[in-house]
Amino acid sequence: MRQGEISLAGLLALFSLYLMWKSAELPIGYISGKGPGGGFWPFWLSLGMLLSCLAIAWNWWRGKSPASVSDEPLMDAFGWRTVISVGGGIVAFVALISAVSMYGAVAFFLIYYLHFLGRHSWLLTLSLALVLPIGLFLFFEGAMQISMPQGLPFTQPFFDVMYDIIY
Amino acid sequence: MEVFSFLVSGIFTALEPINIGLILIGVTVGLFIGAMPGLGSVNGVAILLPVTFLVPPASAIIFLAAIYYGAMYGGAISSVTLGIPGASTAVATTFDGRPLALQGRASLALVTAALASFVGGTVATVFFTLFAPLLATVALNFGPPEIFALMLLAFATFVGLGGDDIPKTIFSICFGLVLATVGFDTISGEPRLVLFDIQGFLRGIGFIVLAIGVYGIGEMLWTIEQTRGEITTTNPKMTAKGLVSDTKEAVRRGWKGTWIGSLLGFFVGVLPAAGATPGSLMSYGVAKMVSKTPHEYGNGSPDGVAAPEAANNSASTGAMLPMLTLGIPGSPTTAILLGGMVIWGLTPGPRLFVDQSEFVWGLIGSFYISNLAAVLINLAFIPLFVWMLRMPFTILAPLIFMLSIVGGFAASRSMHDLWLIVIFGIGAFFLRKFDYPLAPAVLAIVLGPIAEPTMRQSLLLSSGDPMIFFTRPVAGPITVIAIFLILLPAFKILRRKREAAAN
Amino acid sequence: MKLTKRNFMGLAFAGALTALPVTAFAQDWQPSRPIDFTIMAGPGGGADQIARFVQSVVEANDMTNRPLIPTNRGGGSGAEALLHLKDARDPDHTLMVTLNSFYTTPIRQDGLGVDIEQFTPVTMMGVDPFVLWVHKDSGITTFEEYVEKVREMDGEYVMGGTGSGQEDSIVIAYMSGAYDLDIKYIPYDGGGAVAKDLAGKQIMATVNNPAEAKGFYEAGEFVPLLAFSDERMEAYPDVPTMKEKGHDFSYYNQRAIVGAPGMSDEAAAYYRDIFGKVYEGDEWQNYLTSESLSPLPMDEAETRAYWATQVANHRQLLSEIDG
């Protein structure tokens with residue numbers, strides 16, 4: 001935890017510096033007669049972020065925040081495994097959308113989570129993974145008229161059939 | 001008492017069979033759309049706009065207003081049961097609604113939200129009926145300096161909201177405000193902060209992207225990691241008797257927040273640039289400030305649910321006022337309603353009350369009926385939403401993730417934003433581990449886009465002289481109060497230190 | 001029937017077969033998917049209203065076999081919408097409702113790499129003229145009085161608009177140049193907000209489309225002084241035009257529907273047919289009259305030529321503002 005606290009503060013300080021540099025593309029000063037320029041607000045607020053990071057580092061050095069005096073690891077092996085398997089699942093979910101469409105990705109994600117992480121039976125898993133995407137399709141495309149992303153060309157025939165059904 | 005004869009005839013218009021049918025359908029549809037994270041009243045109203053070609057204009061707007069109301073009630077459902085604010089107006093509802101749900105008191109939170117919404121909506125409608133033209137004049141007197149002062153006040157009411165770690169709270173506020181400036185600078189007409197030169201950032205970073213990332217993904221990851229996946233929300237039970245006792249408790253412990261929210265929400269909602277979100281945030285802040293037990297806030301206080309919920313319903317009724325009387329939309333939803341009125345050949349504006357009084361009063365009458373219908377339908381569905389919470393966590397969790405992603409796309413229609421949601425979610429998890437409070441960042445991204453342009457417009461008006469915020473008759477007092485409130489915690493600390501030194 | 005994978009595929013195939021004759025033979029081309037109807041502005045503005053109006057007419061008369069899906073992509077002053085069309089995965093189902101940021105945004109943000117002349121012209125629904133408005137309490141009733149007042153205030157005369165490089169700022173910049181006026185310009189994020197602040201007398205004058213000021217005009221709050229149209233407008237017969245004042249200048253906001261670059265000719269023909277019918281229908285003709293839009297029907301070749309001249313004009317006008 002102790003090491004994590006200062007590393008995170010350092011990382012955020014770097015990000016603040018990047019934001020300051022990027023805001024400086026527009027005028028960051030007070031233009032006389034016109035008030036602040038376009039970069040004024042983000043620049044000085046990013047400076048605020050940077051100063052907060054310095055204050056966090058100062059508190060860390062003095063051992064004022066709980067994390068800075070804790071010798072515990074950030075997470076144990078089990079914790080890391082949980083976060084990586086769940087977080088990774090979500091990343092894979094979003095990455096799959098462009099390949100197998102939103103509804104396909106929903107189905108894969110549900111199978112992965114329910115069966116492999118949740119240890120539910122195949123019956124429950126598959127019925128949810130089939131019913132929910134179809135339900136979502138009817139809700140979004142049919143009722144709400146919102147088109148969700150479609151996948152690579154091989155998903156087209158499925159969509160064409162579904163559209164013929166609902167319109 | 002001309003108003004009352006108009007009102008009675010308006011209520012009769014709303015009670016015609018076709019209209020009452022449309023109200024019931026509209027409220028139910030709105031409730032479910034609002035309960036879906038990422039979808040809000042604006043989606044519901046936009047989709048049903050074409051349908052309304054089939055019925056007379058008065059029925060059409062009654063229908064759309066019913067959807068609008070239903071969705072405002074529905075927003076609380078997602079905040080309480082899923083912990084994701086479905087719309088910016090329901091952010092503050094999560095602060096206490098979520099803790100209540102985790103304590104197994106989801107039904108109390110939902111009943112409180114429903115009742116508070118009802119009171120808020122009704123109080124606002126009464127004000128609307130009595131003072132519409134007068135309030136329209138007040139709204140016009142709010143120029144950029146006044147709106148900025150009001151935003152300052154909204155921030156001020158939230159000073160006490162952050163965690164104990166002051167630098168981390170300040171970091172969070174600044175971070176939210178900087179994110180709000182990404183995209184495009186209206187004042188200079190130039191692209192700004194297009195991060196890493198990725199063109200997707202041109203569209204800016206919406207509130208909903210940050211909120212779904214932080215609450216839908218970050219907070220969920222944190223819960224799963226903390227509880228090692230063993231969590232089941234302490235079995236919420238739902239019986240008729242429970243509902244009655246919840247109602248009693250909601251009234252007893254939420255009435256104060258309800259009144260604060262109803263009054264404050266309405267007045268902020270009437271101002272076109274502000275709208276329902278600052279109204280609900282300020283009501284939460286004020287309710288906490290005047291409360292005798294402020295420590296309960298954030299840990300499941302019914303007042304903390306009631307204040308923002310009463311306010312957002314009250315404010316959405318308020319937002320109809322500038323739309324009808326001035327033809328100015330106070331929110332994206334009213335913007336689309338306004339488009340609808342143009343489609344039907346009506347000209348919203350100062351003459352609408354005179355030229356189309358039957359239409360206007362029919363609508364006002366329908367507010368009363370819609371509100372009543374919404375609270376009854378909402379209460380009837382509460383057992384269903386509570387039942388959803390009884391699902392095993394290993395089923396509920398993937399459903400929440402799924403709704404976050406699907407709803408996130410529905411709200412933004414952009415893959416770029418979907419990736420941002422994931423990045424914010426994972427980032428929020430680590431920030432949460434190190435006790436960075438994230439609610440201030442979410443508030444900042446809501447208020448920032450109103451605060452920054454109004455500040456700069458004011459300074460353009462005054463040729464760069466900041467005294468404009470102090471010398472204008474309306475802006476001045478608001479600014480002074482806001483600054484006083486911001487400095488209040490510092491005074492308190494100083495006094496405590498001095499007392500400690502004296503001892 | 002047990003639903004095996006094979007059965008399912010069979011069903012799908014049968015479904016596709018029954019659908020085929022309709023799509024293949026009834027007409028040359030028909031959309032097979034919902035049609036992306038991108039609006040290059042946020043909810044509430046003129047373009048948004050028009051898009052939703054057109055969508056409602058199409059829907060109410062059941063004119064397409066797949067729905068139009070209006071989506072606001074107003075980010076970066078329309079840059080988001082332009083990029084969305086440029087990179088459209090399915091150009092045959094991607095349309096956009098434009099305003100003049102269609103011309104100005106690619107010029108002002110040349111990093112976008114958008115060349116609008118590659119877009120597909122579909123239908124020109126009309127053009128929206130601009131009018132100079134003041135509040136009735138100012139006592140100003142003619143353009144001459146206005147010019148005098150602005151000169152007298154010497155840089156303190158405040159006007160509001162929708163931002164540097166936007167339509168109204170171009171008009172104001174031209175007017176200031178022609179009459180040597182020094183105006184303080186406050187940008188807002190939408191025409192509605194501008195009208196509201198004129199009604200509340202936070203600003204002294206605006207240049208706005210009639211649709212956005214109509215309510216206040218009818219209530220007698222706003223006074224029109226000058227129209228930037230080619231001829232006097234029907235709804236405001238007493239308002240002189242800039243041309244009458246001896247300056248060869250007119251300016252309109254384009255209300256057009258365009259297709260993504262690379263849209264097939266069949267698809268473009270299909271959409272031209274649909275929106276042509278909408279254009280001729282009573283609903284739209286009434287809308288043109290009530291909102292004071294001018295008709296400007298054009299075919300594809302004319303539209304392309306019109307785009308080229310508009311791009312050249314805007315390049316000129318914008319360089320005068322920035323320079």
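Quick note: the coordinates plus some simple rules give every number you see, no bench work behind them. Everything quoted here is computed from the prediction, not taken from an experiment. Using ideal geometry, Cβ is built from the backbone for each residue, glycine included, and neighbour counts are taken over all protein chains shown.
Before moving on, here are some points about what is shown:
- Number of partner chain Cβ atoms within 10 Å, mean per residue of A:46-58: 5
- Label-point separation, C:Ala308 to C:Asp265 (7 Å along Cα→Cβ), nm: 2.0
- Packing-based exposure ordering (other Cβ within 10 Å, fewest first) of B:Trp222, A:Trp21: A:Trp21, B:Trp222
- By other beta-carbon atoms within 10 Å, ranking B:Tyr297, C:Tyr157 with the fewest at the front produces C:Tyr157, B:Tyr297.
- Sparsely packed GluC sites (Glu not before Pro) within segment C:130-215, loop by DSSP, other Cβ within 10 Å at most 14: C:Glu156
- GNM remark for chain A: springs join alpha carbons under 10 Å apart, and the peak mean-square fluctuation among A:Lys34, A:Lys22, A:Lys64 falls on A:Lys34.
- Beta bridge orientation in chain C: antiparallel %, DSSP, nearest 5: 55
- Centre separation in Å (Cα based) which lies between segment C:227-246 and segment B:97-139: 49
- Shape of the protein assembly as shown, Cα gyration tensor, a/c cut at 1.5: rounded
- Cα-centred dipole magnitude for the protein assembly as shown, charges only on beta-carbon of K, R (+1) and D, E (-1), debye, nearest 20: 4520
- Cα shape, segment B:347-459, gyration tensor, a/c 1.5 rule: oblate
- Segment B:55-81-segment C:275-323 distance, computed between alpha-carbon centres (Å): 37
- For peptide C:190-199, the mean count of partner chain Cβ atoms within 10 Å of a residue's Cβ comes to 6.
- Per-residue average of Cβ from other chains inside 10 Å of B:194-203: 5
- R0 of 51 Å, Cβ-Cβ distance A:Leu14-B:Ala502: FRET efficiency to nearest 0.05: 0.70
- Chain B: DSSP helices with Cα axial extent of at least 24 Å and average Kyte-Doolittle hydropathy no lower than 1.0: B:17-35, B:57-77, B:106-140, B:357-388, B:393-412, B:415-433, B:439-461, B:475-502
- When you restrict to C-alpha pairs under 8 Å that are six or more residues apart and normalise by the size of segment A:1-157, the relative contact order lands at 19 percent.
- For the residue pairs B:Lys256/B:Lys292; C:Lys196/C:Lys245; A:Lys64/B:Lys433; A:Lys64/B:Lys292; A:Lys34/C:Lys245; C:Lys136/C:Lys196, the alpha carbons lie more than 22 Å apart in C:Lys196/C:Lys245; A:Lys64/B:Lys292; A:Lys34/C:Lys245.
- Gyration tensor (alpha-carbon) shape descriptor, segment A:70-167, a/c threshold 1.5: prolate
- Taken along the Cα-to-beta-carbon direction at a fixed 7 Å, the label points for B:Arg252 and A:Leu152 span 6.3 nm.
- Over the protein assembly as shown: helical MRE at 222 nm, DSSP H runs n ≥ 4 each giving -39500 (n - 2.57), nearest 500: -20500 deg cm²/dmol
- Computed on chain B, with alpha-carbon pairs under 8 angstrom and 6+ residues apart, the relative contact order is 28 percent.
- Fewest-first ranking of C:Tyr251, B:Tyr215, A:Tyr30, using other Cβ atoms within 10 Å as the exposure measure: A:Tyr30, C:Tyr251, B:Tyr215
- Pairwise FRET efficiency - B:Thr471 versus C:Arg151, Cβ, R0 = 45 Å, nearest 0.05: 0.95
- The mean sequence separation of alpha-carbon pairs under 8 Å and at least six residues apart, normalised by the residue count of segment B:244-318, gives a relative contact order of 49 percent.
- Simple spin-label estimate for B:Leu488 and A:Trp61 gives 3.5 nm between the two label positions (7 Å along the Cα-to-Cβ direction from each Cα).
- Centroid-to-centroid, using Cα positions, segment B:328-392 and segment A:95-167 are 33 Å apart.
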